[in-house]
Amino acid sequence: MQRKVNKYYFEETIRLLEDYNMLRINSDTLAMDVETMNDDVSISTSNTQSIVSFTNAIHSSTEDKALQRIMRGEMVVNSKKVIDTIDRCIEVLPELQRKVILNKYIKYKSWIEISFMLHTSESWCKKQRNKAVRAIALALYGDKIYE
């Protein structure tokens, strides 16, 4: 018997799949921003003198840019980790589940289009989607997805 998946993790996984294409674009944009910031920081460090205080307060634009670069870098790593996990999960799904997920969330096909393409019913496609989403949720969140 299959264990029940917590609704929050199921819906969150669907949200990530629905946003997958935009997440990939955002991750690439963030990575380009970090590269630009790296160039800016290396240029500005040679031109800036900053005052260091005992309070760890930021007193220069160079420190501010370095902190922004670190935070953006962490965002890039986190978003790439999510995207890579989703990619690996989709790769190892059974073929029909993979086709359902790719067509529904990556290619934005309707349930009718998917069922027609796979020569099956919409309800069967939705059941396959549910199985695939459970597998992807488990990979993303671990066994805490179970109620």
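The values are calculated or read from the model by the stated rules, or taken from the named source; none is laboratory data. The shown structure was predicted, so the numbers you read here are calculated from the model rather than taken from an experiment. Note that we place each Cβ from the backbone using ideal geometry, even for glycine, and neighbour counts take in every protein chain shown.
Do we have any residue at all in the range 81-102 that's farther than 23 Å from LYS7 by Cα, buried (at least 17 other Cβ atoms within 10 Å of the Cβ), of a type outside the set (Val, Ile, Thr) and in contact (Cβ under 8 Å) with a residue 12 or more places away in the chain?
The answer is yes, given that some residue of the range 81-102 is farther than 23 Å from LYS7 by Cα, buried (at least 17 other Cβ atoms within 10 Å of the Cβ), of a type outside the set (Val, Ile, Thr) and in contact (Cβ under 8 Å) with a residue 12 or more places away in the chain.
What about PHE10, is it modelled with pLDDT of 90 or more and not aliphatic (A, V, I, L, M)?
The answer is yes for PHE10.
Enumerate the helices (runs of 4 or more DSSP H) found wholly within the range 50-135, keeping only those where 2 or more residues are modelled with pLDDT under 95 and farther than 24 Å from TYR8 by Cα.
Of the helices (runs of 4 or more DSSP H) lying wholly inside the range 50-135, those with at least 2 residues that are modelled with pLDDT under 95 and farther than 24 Å from TYR8 by Cα span 61-92.
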